[in-house]
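What follows is a set of notes on a single structure, which appears directly below.
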Amino acid sequence: MGGLFAAAFLQRIGWEAHVYERTPDDLATRGAGLGTHDALLEGLRALGIDTGERLGVLVRDRICLGRDGKVVARRTLPQVMTHWARIYEALRPLVDRDHFHSGHDFVGCRRAGAGVVAQFKGGNEAAGELLIAADGLRSTARSQLLPDAQPRYAGYVGWRGTARGIDLPPEYYFGLPGSEMMLTYPVPTGEWNYVWYRPTTERELADLCTDASGQCHGSAIAPPLIRPELAARLKRDARELLAPALADIVEKSQPFFQAIFDLESPRVALGRVVLMGDSAFVARPHVGMGVTKASLDARCLARSLEVSTALDAALERYDRLRCEFGRWCVQRSRAIGAYIERRELPDPEQVLSEVGAVRADIPMSY
Ligand SMILES: Cc1cc2nc3c(=O)[nH]c(=O)nc-3n(C[C@H](O)[C@H](O)[C@H](O)COP(=O)(O)OP(=O)(O)OC[C@H]3O[C@@H](n4cnc5c(N)ncnc54)[C@H](O)[C@@H]3O)c2cc1C
């Protein structure tokens, strides 16, 4: 997303931008649900993308349900919920096939005169004035340029999935069993998306990431390799811990999970390389900011290049504004997830209002 946003915004100010993506196949079949922020919708519109009904489902209320299905807390806070693939499919055509290079695995870069050369596995290279590293949480560029900026495991995972055939009024629901947080909302594909945050020690995480042959895949595992008994256990726990309507969604899904990390980079402009999106800062998903932040980063880079007379000044501006914003997102999301990390009991009213408040005071400067 960061790469596509960057290319699209830079093209609009007259730069020639190429995107190099490691994955050889189409990414549009992947992803799940995500919440939108006004800043994201505004950014999409600035690129000429229609943000009408097809993009998302409007939910009005956030409702916390107890184990017995009764309403424990409720707050009105309209938000458009969408699907990762809807945004991806809208952005992807903005970069034509001559400028989008799939199957390119970035392995390193070197300075060349006033510019930079990106190197790819197999020996291909690409030269340019600026390299934008939008290569995600496990960024190769960041690990080489800022080896000390490592993701920090937050002590819990988010089990995720989508389900069809759910008979619930279209609102944003929460279940808060023990020190956990389950949330679910409808997405425009007709499915319900859920995320269920569960405290998980590092040892338990290693077990979750171990496939049926006994191989451990580190802190992330491809969904098809998740052992079936883990999904079955999640569904059993859902029936025991969640309101029946929420348990039904987990029951009808094919669950997968992501471990939750915090990542803060001390700088995001390093010579002729800039870090963008998740390669720069990763906030826990409670602020629902991943795609919005990637769009704001890209917009900020384009504006910095537009308003500054020299490239160095533009990159300084980008670095200052994105570090400020990235730190804000990480701190905010850490505060919301602190009770899960510390295995404390939450106050449902507080959870609904904290998650909601993020939307009101997001600093928009780019
Ligand atoms: C397939 C997919 C599905 C997702 N689904 C959701 C979702 O449902 N909900 C949600 O909230 N967030 C989702 N995300 C995460 C969300 O896109 C990001 O949090 C946010 O958009 C920030 O985007 P990003 O571009 O910085 O990072 P990412 O979206 O992680 O993109 C990084 C890209 O860089 C590529 N890459 C990594 N290393 C290299 C390399 N060495 N060389 C070349 N390319 C490389 C990756 O293949 C990936 O396409 C998804 C990400 C992906 C890739």
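The values are calculated or read from the model by the stated rules, or taken from the named source; none is laboratory data. Here the structure is a predicted model, which is why all the values come from computation and not from measurement. Don't worry about glycine lacking a Cβ; one is built from the backbone with ideal geometry, like all the others, and counts go over all protein chains shown. Note: areas computed on protein heavy atoms with side chains; ligands, DNA, RNA excluded. Shrake-Rupley method; radii C 1.70, N 1.55, O 1.52, S 1.80 Å.
Remarks
- PHE256 accessible area, 1.4 Å probe, all protein chains in place, Å² to nearest 10: 60 Å²
- Kyte-Doolittle mean at least 0.0, axial Cα span of 18 Å or more - DSSP H helices of the chain: 290-307, 348-360
- Shown here for the stretch 1-109: trypsin sites (Lys or Arg not before Pro) in loop regions (DSSP other than H, G, I, E, B) with at most 12 other Cβ atoms within 10 Å, namely ARG30, LYS70, ARG97.
- Solvent-accessible area of HIS104 with every protein chain in place, 1.4 Å probe, in Å² to the nearest 10: 40 Å²
- Between the stretch 16-91 and the stretch 266-336, the alpha-carbon center distance in angstrom: 20 Å
- Value of Rg/Rh across the chain [Cα atoms, Kirkwood radius]: 0.97
- Pairs of Cα atoms nearer than 8 Å and 6+ residues apart set the relative contact order; for the chain it is 21 percent.
- Fluctuation leader among PRO78, PRO169, PRO199 - the chain, Gaussian network, Cα springs under 10 angstrom: PRO169
- Relative intensity of the stretch 80-143 on a log10 scale, I(q)/I(0) at q = 0.20, 0.21, 0.23, 0.27 Å⁻¹, equals -0.96, -1.01, -1.11, -1.23, per a Debye sum over C-alpha point scatterers of equal strength in the absence of solvent.
- Shape of the stretch 129-208, Cα gyration tensor, a/c cut at 1.5: oblate
- Charge dipole (the stretch 88-222, unit charges on Cβ, about Cα centre) - positive-most of ALA134, THR200, GLY214: ALA134
- Annotation note: GluC sites (Glu not before Pro) in the stretch 313-346 located in DSSP loop regions with a Cβ neighbour count of at most 15 within 10 Å are GLU344.
- Ranking ILE49, LEU270, LEU77 by Cα position along the charge dipole of the chain, where only Lys, Arg, Asp and Glu carry charges on their C-beta atoms, puts LEU77 farthest toward the positive end.
- Leading residue at positive end of dipole, the stretch 206-341 (Cβ point charges), from ILE260, LEU230, TRP328: TRP328
- Using only alpha-carbon positions in the stretch 148-189, the gyration tensor eigenvalues give semi-axes of 28, 15, 8 Å once each is multiplied by 5 and square-rooted (largest first).
- Heavy-atom accessible area ranking, 1.4 Å probe, most first, across CYS216, CYS209, CYS109: CYS216, CYS109, CYS209
- Accessible carbon and sulfur surface of the chain relative to its total accessible area, %, 1.4 Å: 48 percent
- Cut-off 10 Å between beta-carbons: net charge of the residues surrounding ARG227, Lys and Arg +1, Asp and Glu -1: -2
- Surface accessible to a 1.4 Å probe, ASP297 within the full protein complex, Å²: 10 Å²
- Solvent exposure of the chain as accessible area per residue, Å², 1.4 Å probe: 45 Å²
- Residues LYS121, LYS235, LYS252, LYS293, ordered by accessible area of protein heavy atoms at a 1.4 angstrom probe radius and largest first, appear as LYS121, LYS252, LYS235, LYS293.
- Computed on protein heavy atoms with a 1.4 Å probe, the accessible areas place SER213, SER353, SER304 in the order SER213, SER353, SER304, largest first.
- Cross-link partners of LYS252 among lysines, defined as those whose alpha carbon lies under 16 angstrom from its own and excluding same-chain residues fewer than eight positions apart: LYS235.
- Between ASP26 and GLU171, the simple label model (points 7 Å from Cα in the Cβ direction) yields a spacing of 3.8 nm.
- Given in Å, the Rg to one decimal and the Dmax to the nearest whole number for the Cα atoms of the stretch 1-79 are 18.1, 58.
- Take every Cα pair under 8 Å whose residues are at least 6 apart in sequence, average their separation, divide by the length of the stretch 262-366, and the relative contact order is 32 percent.
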